[in-house]
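The structure appears right after this line, and notes come after that.
None of the figures in this text is laboratory data; all of them are computed from the coordinates on show. This one's a predicted model, so the numbers in the text were calculated from it and none came from an experiment. Note that we place each Cβ from the backbone using ideal geometry, even for glycine, and neighbour counts take in every protein chain shown.
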Number of protein chains: 2
Amino acid sequence: MKKIVIIGGCAAGPKAAAKCKRINPDNEIELYTKENLISYSACGLPYFISGIVPNINKLIIRTKEDFEKNGINVFLNHECIKIDPKAKKVFFQNEKETSYDELILCTGSIPKKINVKNSHLKNIFNLKVIQDGIDIKKMTEISKSVVIIGGGYIALELTEAFVRNNLKITVLEKNSTIMPLLDTEISEKIKNYIVEKSHVEINYIFNDEVEEFIGEENFEGIKTKNGKIINADFCVIATGVVPNTDIAKEAGIETGTTGGIIVDNKMRTSIQNIYAAGDCTENIFIPTKQSVYLSLGTIANKQGRIAAINSSGEENDIKEYFDGILGSMVTKYFDYTVAATGLSEKRAYELKNYINITPITSTIEEYDKAGYMPQIGILTVKLIADKRTGEILGAQIVGTGDADKRIGTIAAAIRANLTVSEFLNLDLPYAPPFSSTIDPLLTATYKLKEMMDK
Amino acid sequence: MKKIVIIGGCAAGPKAAAKCKRINPDNEIELYTKENLISYSACGLPYFISGIVPNINKLIIRTKEDFEKNGINVFLNHECIKIDPKAKKVFFQNEKETSYDELILCTGSIPKKINVKNSHLKNIFNLKVIQDGIDIKKMTEISKSVVIIGGGYIALELTEAFVRNNLKITVLEKNSTIMPLLDTEISEKIKNYIVEKSHVEINYIFNDEVEEFIGEENFEGIKTKNGKIINADFCVIATGVVPNTDIAKEAGIETGTTGGIIVDNKMRTSIQNIYAAGDCTENIFIPTKQSVYLSLGTIANKQGRIAAINSSGEENDIKEYFDGILGSMVTKYFDYTVAATGLSEKRAYELKNYINITPITSTIEEYDKAGYMPQIGILTVKLIADKRTGEILGAQIVGTGDADKRIGTIAAAIRANLTVSEFLNLDLPYAPPFSSTIDPLLTATYKLKEMMDK
């Protein structure tokens with residue numbers, strides 16, 4: 001029997017708590033969060049704002065009471081302010097403290113700050129916690145226009161939400177196009193689709209940043225570094241997050257170059273009996289074996305589980321490890337899906353002098369089903385491989401067809417170091433309503449193979 | 001420059017012809033078929049019968065003229081009756097003959113015959129070639145009832161087509177449930193869904209076979225071995241196919257225990273300069289390394305391609321092989337998808353004393369998306385693994401969610417010999433409209449892992 005204390009209540013924390021209890025019902029579990037609720041789907045917030053999810057309570061996965069029924073002690077409104085690893089104690093803002101045998105840090109991430117004039121104005125929002133979603137939805141209902149700062153996937157999901165609410169939208173992105181983690185020509189395709197298909201005005205501003213926010217008390221607009229002035233009723237900052245690691249660092253826990261807590265494959269930090277999981281950690285990116293920082297709910301859930309298994313069990317029993325990520329992602333704009341995994345071409349070329357790879361890529365555009373079926377979609381499939389070893393390194397798939405599950409197949413291939421030649425004849429299921437006889441994935445692979453043989 | 005003769009015009013043949021020409025435009029290509037058209041999607045016929053595909057011409061992928069524009073000589077209505085491997089000649093029913101440098105046999109498959117009384121009656125159909133589809137559609141339009149003999153995936157697709165046309169349906173299957181290649185409890189789920197959701201009467205008869213067909217000139221009904229009499233307006237026999245290999249055998253080409261032509265990984269038969277591809281061949285089933293016979297359009301296309309590459313190129317240039325199949329399949333009944341790959345539990349237990357495996361399985365039922373999203377589906381995921389090595393051997397996924405692409409991911413995992421432990425933390429893309437944070441595939445894998453560790 002152990003006393004396991006978990007800090008953080010969004011994804012990794014609740015997952016870890018439930019798993020710790022399940023592994024050994026005798027374990028004493030305490031779950032602390034600074035928020036006034038736990039275990040909710042932050043990823044669902046854009047769909048609440050859009051109106052697709054009609055009730056915010058639907059995003060709450062399990063309540064304090066649900067956990068307490070299972071014998072897990074939940075402490076809401078407890079913000080952890082200090083860890084004392086020697087005394088094995090944790091301290092909270094409300095002067096409470098607790099001791100632990102094992103500690104799991106799931107302190108998550110915080111929005112990147114924009115330090116410019118007037119960033120304190122009302123009606124400038126982040127989209128991070130439940131309350132943000134509620135606040136933005138309220139503004140959406142009483143507003144006519146919005147500025148989104150940042151052009152990544154949260155911005156994409158918010159764009160759909162705001163289009164559904166007939167807002168005039170300005171997106172300000174410091175890079176030259178949206179979704180800057182993807183390759184530029186793929187991002188351009190997505191942007192063109194959005195501009196073409198939207199019934200409201202969407203104004204994209206690229207290669208520019210906020211110089212200052214305009215307004216007295218309330219947000220009234222932005223001035224950009226290039227001197228543009230955009231007036232709008234409210235603003236959402238969606239420029240990404242950074243790991244929330246202050247208390248960890250103060251306790252002497254090592255963080256990496258990305259700012260995230262360094263963990264091993266058992267989710268152990270540099271200090272004994274302290275584990276970390278989710279958005280507060282940095283991870284090994286499988287295709288390059290380098291440390292990266294990515295904030296994703298899937299990673300948080302998996303790591304919460306692994307941290308629980310390793311902290312709850314006896315050392316010799318442990319048979320589960322977390323061995324890295326591929327950065328697999330999916331998002332959508334109405335019926336247009338954007339999914340990716342592994343290395344982009346861009347990133348592959350940046351890295352090719354540091355890690356030993358010779359990137360080659362193929363891009364094809366194909367129907368996602370037999371050409372004679374109704375409701376056919378079109379997919380653009382881009383594959384990235386290493387000409388030297390033949391291994392598949394990454395993929396980006398966008399379009400009106402089934403992109404994400406195909407990315408799942410590529411993720412399995414990358415995870416298993418499958419080569420182009422091995423993937424070429426992969427036996428994918430086929431029937432006319434589901435794919436073409438030669439799936440777009442394979443057509444793209446054929447093209448890679450031709451380049452390999454040249 | 002070579003003269004390459006290809007026999008067969010459905011899937012593998014046209015694929016091989018196009019690829020041969022592409023590899024070397026100087027190659028002289030002759031493509032022979034006994035039918036009066038080439039290159040069509042036989043898999044699309046159920047959707048033509050249902051009315052989803054409004055025009056039979058939509059199923060024709062390329063015409064004789066399309067091929068001839070690319071310099072491929074197409075001979076319709078030429079049934080090959082003899083191969084003379086010594087003289088390197090092929091003979092046809094119309095007394096024509098041709099010589100070859102390389103010959104590719106894509107003679108396909110023929111329906112299994114039911115040798116019972118009155119099997120010559122009118123209005124008893126197979127569903128194999130375009131004309132069958134046209135004939136069955138005509139009958140569907142003027143009929144009120146139908147008997148389908150066989151309960152596999154063609155029967156399932158025809159059931160949907162006939163339900164859409166308000167026919168009363170009887171399905172006669174000699175096994176104890178439909179889709180007999182799947183595990184029984186999965187098949188039962190599919191059957192229950194069909195029975196529950198259909199607005200017309202569907203009468204399933206199991207563990208029984210046709211004793212005789214009833215009728216004078218036209219089909220009027222069947223009498224079963226158990227003495228049941230079923231009257232109906234027409235009948236479709238969907239009991240599967242056998243490889244069409246008579247002329248190959250007569251030429252001395254080796255066939256295997258399954259009846260299919262034996263080919264190596266370059267699609268070479270036992271006789272020099274003769275290749276075979278598609279439904280006329282038998283294949284290596286990757287999970288067991290045994291020979292199996294499966295008739296699937298995806299296999300035909302891939303093999304046609306590999307046969308073309310190997311027959312057209314110079315021996316030393318060849319860098320592509322066909323190394324076996326997983327038996328991946330997908331079909332659907334309205335919004336209910338049925339997909340599978342690799343070994344079933346049933347088959348794994350049958351084999352476990354012949355090949356060294358210790359089968360374990362897990363089955364879970366989960367939402368296919370975040371629980372709060374609209375239009376959510378439910379999937380049943382069954383995984384089969386080898387406790388000895390930890391390798392995933394097979395999967396069956398059925399339900400109202402995205403089953404087939406998830407099967408594609410498992411297919412990649414089996415192809416790459418991924419173990420349960422390696423698959424466990426697979427980085428699959430997640431967003432609420434596409435999956436749950438922990439995809440059903442992973443939930444099923446977690447369960448397998450627990451069984452492995454016991």
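What the table below lists for this structure:
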| read-out | value |
| --- | --- |
| Proxy reagent accessibility, fewest Cβ within 10 Å first, across A:T33, A:T361, A:T258 | A:T258, A:T361, A:T33 |
| Relative contact order (percent, whole number), chain B, Cα cutoff 8 Å, 6+ residue spacing | 13 |
| Shape category assigned to the protein assembly as shown from the gyration tensor of Cα positions, a/c cut at 1.5 | prolate |
| Chain lengthening between B:D84 and B:D66 when straightened (0.36 nm per residue, less Cα-Cα) | 3.5 nm |
| More than 30 angstrom apart: percent of Cα pairs within chain A | 51 |
| Inverse of mean 1/r across different Cα pairs in segment B:363-454, Kirkwood, Å | 13.2 |
| Net charge dipole size for the protein assembly as shown [Lys, Arg +1 and Asp, Glu -1 on Cβ; Debye, nearest 20] | 160 |
| Neighbouring partner chain Cβ atoms per residue of A:292-299, average, 10 Å criterion | 4 |
| Magnitude of the charge dipole, segment A:331-378, Cβ model with Lys/Arg +1 and Asp/Glu -1, debye to 20 | 180 |
| Potential extension, A:D323-A:I284 segment - 0.36 nm per residue separation minus Cα distance | 13.3 nm |
| Value at 222 nm in deg cm²/dmol, rounded to 500, when DSSP H runs of n ≥ 4 in the protein assembly as shown each add -39,500 (n - 2.57) | -8000 deg cm²/dmol |
| Shape category assigned to segment B:166-257 from the gyration tensor of Cα positions, a/c cut at 1.5 | oblate |
| Cα point-scatterer Debye curve for segment B:250-398, base-10 log of I(q)/I(0) at q = 0.09, 0.10, 0.13, 0.20 Å⁻¹ | -0.40, -0.48, -0.74, -1.17 |
| Nearest-0.05 FRET efficiency for B:R22 and B:K96, computed from C-beta distance (R0 30 Å) | 0.65 |
| Under 5 Å, built H, 5+ apart or other chain: amide partners of B:Y204 | B:V171 |
| Order of B:V163, B:V5 - criterion: other Cβ atoms within 10 Å of each residue's Cβ, fewest first | B:V163, B:V5 |
| Net charge over other residues, Cβ less than 15 angstrom from the Cβ of A:V116 (K, R count +1; D, E count -1) | +2 |
| Of all DSSP beta bridges in chain A, antiparallel share, percent nearest 5 | 60 |
| Qualifying GluC sites (Glu not before Pro) for segment A:110-207 [loop in DSSP, other Cβ within 10 Å: at most 15] | A:E201 |
| Taking segment A:87-151 and dividing mean pair separation by its residue count, relative contact order in percent (alpha carbons under 8 Å, at least six apart) | 16 |
| Diffusion coefficient, µm² s⁻¹, Stokes-Einstein with Kirkwood Rh over alpha-carbon pairs of segment A:15-61 at 20 °C and 1.002 mPa s | 170 |
| Filtered GluC sites (Glu not before Pro), segment A:47-86: DSSP coil and at most 16 other beta carbons within 10 Å | A:E79 |
| Per-q log10 I(q)/I(0), segment A:317-384, q = 0.19, 0.27 Å⁻¹ (Debye; single scatterer per alpha-carbon; no solvent) | -0.92, -1.24 |
| Candidates per trypsin sites (Lys or Arg not before Pro) in segment A:401-443, loop by DSSP, up to 15 other Cβ within 10 Å | none |
| Normalised contact order of segment A:47-135, rounded percent, pairs of Cα under 8 Å and 6 or more residues apart | 19 |
| Within segment A:297-454: Cβ-based charge dipole about Cα centre, in debye rounded to nearest 20 (Lys, Arg +1; Asp, Glu -1) | 380 |
| Averaged over A:401-407, number of beta-carbon atoms from partner chains that fall within 10 Å | 6 |
| Proxy reagent accessibility, fewest Cβ within 10 Å first, across B:D135, B:D453 | B:D453, B:D135 |
| Projected area, mean over directions - segment A:103-250, Cα convex hull, nm² | 10.2 |
| Relative frequency of Cα-Cα separations exceeding 17 Å in segment B:271-317, percent | 43 |
